[in-house]
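Chemist: I have a structure I would like to understand better, so I am pasting it below and will then ask my questions one at a time.
The values are calculated or read from the model by the stated rules, or taken from the named source; none is laboratory data. Computed from a predicted model, the values in this text were never measured in an experiment. Every residue, glycine as well, gets a Cβ built from its backbone with ideal geometry; the counts of neighbours run over all protein chains shown.
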Amino acid sequence: MIAGGPATLAQALGRRRRALRCAGVTQSFDAGDPTAPPPAIEAEALVKRFGDVTALDGLSLRVAQGICFGLLGPNGAGKTTAISILTTLLRPTAGRARLLGRDVVAERAAVRADLGLVFQEPSLDPELTAREQLDLHARLYHLSDRARRVGDALALSGLEADSNRPVRGFSGGMKRRLEIVRGLLHAPRVLFLDEPTLGLDVAARATIWDALRALRRDGRCTLFLTTHSMEEAEALCDRVAIVDRGRVVVEGTPAALEAALGGDVVWLALERPEGAAARLAALEGVARVAEEAGRDASPTRLRVVVAEGPRRLPALLDAVRAHGVLEVELQRPTLEHVFLHHTGHVFEDAAR
Amino acid sequence: MSAFFADAATIFRREWLRYRRDRAYWVGQLVFPVVVVAFIGLGLNRVVTLPTGASYLAHLATGVLALLVGSGGIGGGVTLIQDRASGFLRALLVAPVSRASLVVGKIAARVAASLALVGVLAALFAPFAGIGLAGPRALGAVVLAVAGITACFVALGIVLGSRLRSLESFRLLSALVTVPLYFLSGIFYPVSTLPAPSRWLAAANPLTYGVDLLRYGLIGVSEIPPARSALLLALLTLAATAVAIRAFDAPERRA
């Protein structure tokens with residue numbers, strides 16, 4: 001791998017992950033179904049209070065092995081606190097959590113060996129070089145064949161040329177790449193990533209996304225990421241849980257969550273809106289029609305929730321042609337709408 | 001248990017990688033004792049006669065080495081604050097490594113660094129101050145003194161460091177605590193010359209025994225029976241390490 005040089009971080013990760021074997025894994029089983037493997041992550045009514053502040057307020061989760069799971073929420077929703085508890089860095093005030101069937105408080109030593117964590121903020125020793133950093137990590141995880149693993153990790157991070165420079169001088173993207181390969185160095189069965197692309201430029205973000213997609217395709221490692229970017233959750237996650245004020249408000253695949261909203265939204269601004277709502281409501285596929293008063297001088301708009309919006313849009317327009325169509329807008333549902341629907345407030349407002 | 005020592009060795013290694021690059025640390029630690037001994041020791045040497053029989057120069061030179069060991073130990077606490085500030089501490093805390101091995105590795109690295117500094121400086125002062133290792137007993141006394149002082153001060157540094165977030169408040173508070181410890185320890189003048197209340201405080205100061213044992217090891221002069229100091233320091237090393245581990249482990253941080 002070093003000789004050829006991986007074309008991209010993502011390709012290299014995919015290849016490397018396929019080459020890895022998870023050895024010596026002891027599994028504990030659910031009492032209910034003795035044959036089923038334990039979920040990667042299980043959280044039951046986690047509560048965490050810091051003095052008067054309640055960061056988690058009964059958060060429950062279940063994440064199957066091998067998927068990419070996203071915890072989506074605004075800043076301050078409790079995402080980092082949740083990750084800290086699941087990775088044994090914090091103890092919950094109440095509730096319990098298990099990683100691969102093992103309790104994160106009672107069996108934290110075993111849990112730590114199974115997980116990798118990529119922090120939101122840098123967690124590298126600025127005075128050590130990239131190579132020293134990885135070698136140290138390999139020693140902390142008691143890995144054999146350190147030199148090979150460190151070499152492979154450097155190759156796939158694309159940082160070989162800078163491997164003997166102290167990390168102090170690295171750019172944000174370089175540091176994040178190093179953190180990710182460090183998180184993978186010991187082949188964890190669950191990799192946690194706290195806001196993996198926060199503060200990165202578009203190119204660096206794309207590199208990280210490709211790498212995470214490769215890991216997800218490989219399916220050997222469960223990915224658990226937090227993000228406040230709807231786009232990121234949609235791009236990477238098999239399932240997402242939306243958190244708001246310390247609890248999960250809804251959980252599912254992004255597509256299912258969006259579909260549950262009842263369809264697409266067509267906004268219509270009409271010259272003469274009287275009677276148009278009733279006419280639209282009678283059309284096939286239309287779930288709801290609501291009038292929304294325009295702000296300032298802009299005209300009243302109709303909000304039409306309709307299944308298969310792109311296909312039905314022509315029929316909608318035909319039905320209201322006589323009312324004088326001023327503007328049309330078709331919105332496909334996004335996680336942003338899912339969030340709004342379930343919490344009753346828009347995403348940005350939720351940030352405390 | 002073997003994992004424990006392997007982990008402590010890993011931390012030791014990492015601390016040394018850092019020290020090696022930290023030129024300011026070595027220069028500062030080497031220059032300060034030389035300046036004190038040259039300007040104060042040489043000056044007062046002719047004026048002061050000590051009841052212990054040692055020359056003032058020898059007394060101060062050995063005392064300053066103990067001071068250096070103590071401040072090196074406090075520096076161990078500073079590295080904890082630095083590790084937290086850089087975020088590296090979290091990477092250590094999430095690794096399958098016991099907190100105890102992290103603390104032991106940190107203390108051991110400081111002990112090694114301080115022993116190296118004491119060795120170099122003792123050799124430098126030897127011609128002027130009559131310093132010389134009398135034998136394995138003396139060497140044992142030096143090692144035990146350095147280990148005991150370091151463990152106590154690293155523990156102090158970690159106790160302070162795990163509660164304070166900024167380096168500024170750490171520096172201020174650690175100076176507030178350590179300066180009285182230094183003055184009441186026999187570093188600058190023999191404890192037996194202190195007035196009564198100060199003498200009692202000095203007797204309760206762990207550093208007093210470390211200073212005395214270090215002095216015994218380097219110039220063969222002591223105010224306290226060396227065996228008593230040695231036993232006390234051995235116990236102190238263990239107790240201080242335990243305190244440091246507890247202080248490091250106990251506080252729950254928002255990671």
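Chemist: Could you pull out the residue among B:Ser229, B:Ser185 that is in contact with an Asp or Glu (Cβ under 7 Å, 6 or more places away or on another chain), crowded, with 21+ Cβ neighbours inside 10 Å and modelled with pLDDT of 90 or more? Break it down stepwise before answering.
Modeler: Numbers: B:Ser185 fails: in contact with an Asp or Glu (Cβ under 7 Å, 6 or more places away or on another chain).
Of the residues listed, the single one that is in contact with an Asp or Glu (Cβ under 7 Å, 6 or more places away or on another chain), crowded, with 21+ Cβ neighbours inside 10 Å and modelled with pLDDT of 90 or more is B:Ser229.
Chemist: Might you check whether a residue that is under 19 Å from B:Gly220 (Cβ atoms) and touching a Phe, Trp or Tyr at 6+ places or on another chain (Cβ under 9 Å) occurs anywhere in segment B:111-124?
Modeler: No, because not a single residue in segment B:111-124 is under 19 Å from B:Gly220 (Cβ atoms) and touching a Phe, Trp or Tyr at 6+ places or on another chain (Cβ under 9 Å).
Chemist: Just one of the numbered conditions (1) in contact (Cβ under 8 Å) with a residue 24 or more places away in the chain; (2) within 14 Å of another protein chain (Cβ to nearest Cβ); (3) more than 17 Å from B:Arg13 (Cβ to Cβ) is not true of B:Lys106; which one?
Modeler: It fails just one condition, (3).
Chemist: Let me ask something else about it. Between a residue in segment A:99-113 that is facing chain B (nearest Cβ under 9 Å) and any residue that is in a strand (DSSP E or B), which pairs come within a Cβ distance under 8 Å, given they are 6 or more apart or on different chains?
Modeler: Once the first residue is facing chain B (nearest Cβ under 9 Å) and sits in segment A:99-113, its partners that are in a strand (DSSP E or B) give A:Ala110/A:Arg102; A:Val111/A:Leu99; A:Val111/A:Arg102; A:Val111/A:Asp103.
Chemist: Mind telling me which of the residues A:Thr88, A:Thr54, A:Thr93 ends up being within 12 Å of chain B (Cβ to nearest Cβ) and out of contact with any helix residue (DSSP H, G or I) (no Cβ under 9 Å at 6 or more places or on another chain)? Don't jump to the end; show me each part of the working.
Modeler: Numbers: A:Thr88 fails: out of contact with any helix residue (DSSP H, G or I) (no Cβ under 9 Å at 6 or more places or on another chain); A:Thr54 fails: within 12 Å of chain B (Cβ to nearest Cβ).
After applying the criteria, what remains is A:Thr93.
Chemist: Does segment A:196-214 contain any residue that is hydroxyl-bearing (Ser, Thr, Tyr), within 12 Å of the chain's Cα centre (by Cα) and either at pLDDT 90 or above or surrounded by 17 or more Cβ atoms within 10 Å (Cβ to Cβ) (or both)? Spell out the reasoning first.
Modeler: Within segment A:196-214, the first condition is being hydroxyl-bearing (Ser, Thr, Tyr), and the residues that meet it are A:197, A:207.
Those left that are additionally within 12 Å of the chain's Cα centre (by Cα): A:197.
After this cut, where a residue has to be either at pLDDT 90 or above or surrounded by 17 or more Cβ atoms within 10 Å (Cβ to Cβ) (or both) as well, the list is A:197.
Yes: segment A:196-214 contains one or more residues that are hydroxyl-bearing (Ser, Thr, Tyr), within 12 Å of the chain's Cα centre (by Cα) and either at pLDDT 90 or above or surrounded by 17 or more Cβ atoms within 10 Å (Cβ to Cβ) (or both).
Chemist: Under 7 Å between Cβ atoms, which residue pairs at least 6 apart in sequence (or on different chains) link something in segment B:23-49 that is under 18 Å from B:Ala122 (Cβ atoms) with a partner that is of a type in the set (S, T, N, Q) and surrounded by 12 or more Cβ atoms within 10 Å (Cβ to Cβ)?
Modeler: B:Asn45/B:Ser55
Chemist: Give the residues of segment A:87-107 that are over 18 Å from A:Pro39 (Cβ atoms) and either among the basic types (Lys, Arg) or surrounded by fewer than 16 Cβ atoms within 10 Å (Cβ to Cβ) (or both), sorted by residue number. Can you show your working first?
Modeler: The first filter runs over segment A:87-107 and keeps only residues over 18 Å from A:Pro39 (Cβ atoms), leaving A:89-91, A:93-94.
Within segment A:87-107, A:Arg91, A:Thr93, A:Ala94 qualify.
Chemist: Would you check if there is a residue in segment A:245-255 being over 22 Å from A:Ala82 (Cβ atoms), of a type in the set (A, V, I, L, M, F, W, C) and outside any strand (DSSP E or B)? Don't jump to the end; show me each part of the working.
Modeler: Start the filter on segment A:245-255 by keeping residues that are over 22 Å from A:Ala82 (Cβ atoms), which leaves A:255.
Then drop every residue that is not of a type in the set (A, V, I, L, M, F, W, C), which leaves A:255.
Pick out the ones that are also outside any strand (DSSP E or B) and you get A:255.
Yes, some residue in segment A:245-255 is over 22 Å from A:Ala82 (Cβ atoms), of a type in the set (A, V, I, L, M, F, W, C) and outside any strand (DSSP E or B).
Chemist: How many of the residues making up segment A:240-263 are over 19 Å from A:Ala94 (Cβ atoms), surrounded by fewer than 22 Cβ atoms within 10 Å (Cβ to Cβ) and of a type outside the set (Gly, Ala, Ser)?
Modeler: Adding up the residues that qualify gives 6.
Chemist: Need pairs with beta-carbon distance below 8 Å; first residue within 10 Å of A:Pro122 (Cβ to Cβ) and within segment A:167-190, second among the basic types (Lys, Arg); sequence gap 6+ or separate chains.
Modeler: These pairs meet every condition: A:Val167/A:Lys175.
Chemist: When residues of segment A:44-64 are filtered for being among the polar types (S, T, N, Q) and within 15 Å of A:Ala97 (Cα to Cα), how many remain? Break it down stepwise before answering.
Modeler: Our first condition is that a residue be among the polar types (S, T, N, Q); within segment A:44-64, this holds for A:54, A:60.
So of that shortlist, the ones also within 15 Å of A:Ala97 (Cα to Cα) come out as A:60.
Total meeting the criteria: 1.
Chemist: A further question follows. Take the residues in segment B:89-103 that are within 19 Å of B:Met1 (Cβ to Cβ) and assigned to a helix (DSSP H, G or I), then tell me which one is farthest from the other protein chains (Cβ to nearest Cβ).
Modeler: Let us first name the residues in segment B:89-103 that are within 19 Å of B:Met1 (Cβ to Cβ), namely B:95-103.
Okay, now just the ones that are also assigned to a helix (DSSP H, G or I), so B:99-103.
Details: B:Arg99: 11, B:Ala100: 12, B:Ser101: 10, B:Leu102: 10, B:Val103: 15 Å.
Per the criteria, the residue is B:Val103.
Chemist: Pull out all pairs, ordered by first then second residue, where Cβ-Cβ is under 8 Å, the residues are six or more apart or on different chains, the first lies in segment B:54-67 and is under 13 Å from B:Phe39 (Cα atoms), and the second is of a type in the set (Ser, Thr, Tyr).
Modeler: B:Tyr56/B:Thr49
Chemist: Does A:Asp264 satisfy the criteria of being touching an Asp or Glu at 6+ places or on another chain (Cβ under 8 Å), acidic (Asp, Glu) and either in the same structural domain as A:Glu42 (by TED's automatic domain parsing) or farther than 30 Å from A:Arg49 by Cα (or both)?
Modeler: Details: touching an Asp or Glu at 6+ places or on another chain (Cβ under 8 Å): yes; acidic (Asp, Glu): yes; either in the same structural domain as A:Glu42 (by TED's automatic domain parsing) or farther than 30 Å from A:Arg49 by Cα (or both): yes.
When the stated conditions are applied, A:Asp264 passes them.
Chemist: Let me ask something else about it. Do the conditions hold for A:Val118, that is, is it hydrophobic (A, V, I, L, M, F, W, C), in contact with a strand residue (DSSP E or B) (Cβ under 9 Å, 6 or more places away or on another chain), over 15 Å from A:Ala43 (Cβ atoms) and more than 9 Å from every other protein chain (Cβ to nearest Cβ)?
Modeler: Working: hydrophobic (A, V, I, L, M, F, W, C): yes; in contact with a strand residue (DSSP E or B) (Cβ under 9 Å, 6 or more places away or on another chain): yes; over 15 Å from A:Ala43 (Cβ atoms): yes; more than 9 Å from every other protein chain (Cβ to nearest Cβ): yes.
The answer is yes for A:Val118.
Chemist: Being closer than 18 Å to A:Arg146 by Cα and not aliphatic (A, V, I, L, M) is the filter here; which residues of segment B:13-42 pass it? Spell out how you get there, then give the answer.
Modeler: Just the residues of segment B:13-42 that are closer than 18 Å to A:Arg146 by Cα, to begin with: B:13-14, B:17.
Once the filter is applied, which keeps residues that are closer than 18 Å to A:Arg146 by Cα and not aliphatic (A, V, I, L, M), segment B:13-42 yields B:Arg13, B:Arg14.
Chemist: Restricting to segment B:138-179, name every residue that is closer than 23 Å to B:Ala234 by Cα and without any contact (Cβ under 8 Å) to a residue 24 or more places away in the chain.
Modeler: Passing the criteria: only B:Val177.
Chemist: Since A:Glu291 meets every condition but one in (1) surrounded by 14 or more Cβ atoms within 10 Å (Cβ to Cβ); (2) touching a helix residue (DSSP H, G or I) at 6+ places or on another chain (Cβ under 7 Å); (3) in a strand (DSSP E or B), which condition does it not meet?
Modeler: (1)
Chemist: Still on this structure: Which residue is farthest from the chain's Cα centre (by Cα), if the candidates are limited to segment A:283-321 and must be of a type in the set (Gly, Ala, Ser) and modelled with pLDDT of 90 or more? Let's see the steps before the verdict.
Modeler: Residues of segment A:283-321 that are of a type in the set (Gly, Ala, Ser), as a first pass: A:285, A:287, A:290, A:293-294, A:297-298, A:307, A:309, A:315, A:319.
Filter again for modelled with pLDDT of 90 or more, leaving A:315, A:319.
Values: A:Ala315: 37, A:Ala319: 41 Å.
It comes out as A:Ala319.
Chemist: Just to check your reading of the model, which residue among B:Ser222, B:Ser169 is outside any loop (DSSP other than H, G, I, E, B) and among the small types (Gly, Ala, Ser)?
Modeler: Values: B:Ser222 fails: outside any loop (DSSP other than H, G, I, E, B).
Selected residue: B:Ser169, the only one of B:Ser222, B:Ser169 that is outside any loop (DSSP other than H, G, I, E, B) and among the small types (Gly, Ala, Ser).
Chemist: Moving on to the next point. Give the residue, chosen from B:Gly75, B:Gly28, B:Gly43, that is surrounded by fewer than 16 Cβ atoms within 10 Å (Cβ to Cβ), within 17 Å of the chain's Cα centre (by Cα) and either assigned to a helix (DSSP H, G or I) or among the aliphatic types (A, V, I, L, M) (or both). If you could, list the steps in order and put the result at the bottom.
Modeler: Values: B:Gly75 fails: surrounded by fewer than 16 Cβ atoms within 10 Å (Cβ to Cβ); B:Gly43 fails: within 17 Å of the chain's Cα centre (by Cα).
Exactly one of B:Gly75, B:Gly28, B:Gly43 is surrounded by fewer than 16 Cβ atoms within 10 Å (Cβ to Cβ), within 17 Å of the chain's Cα centre (by Cα) and either assigned to a helix (DSSP H, G or I) or among the aliphatic types (A, V, I, L, M) (or both), namely B:Gly28.
Chemist: Same structure, new question: Against the conditions (1) part of a loop (DSSP other than H, G, I, E, B); (2) under 14 Å from the mean Cα position of the chain (by Cα); (3) closer than 16 Å to A:Leu193 by Cβ, where does A:Leu71 fall short? Just the number, please.
Modeler: (1)
Chemist: Let me ask something else about it. So which of B:Thr237, B:Thr178, B:Thr150, B:Thr208 ends up being assigned to a helix (DSSP H, G or I), touching a Lys or Arg at 6+ places or on another chain (Cβ under 6 Å) and buried (at least 17 other Cβ atoms within 10 Å of the Cβ)? Walk me through how you get there before you give the answer.
Modeler: Details: B:Thr237 fails: touching a Lys or Arg at 6+ places or on another chain (Cβ under 6 Å); B:Thr178 fails: touching a Lys or Arg at 6+ places or on another chain (Cβ under 6 Å); B:Thr208 fails: touching a Lys or Arg at 6+ places or on another chain (Cβ under 6 Å).
One residue alone meets the criteria, B:Thr150.
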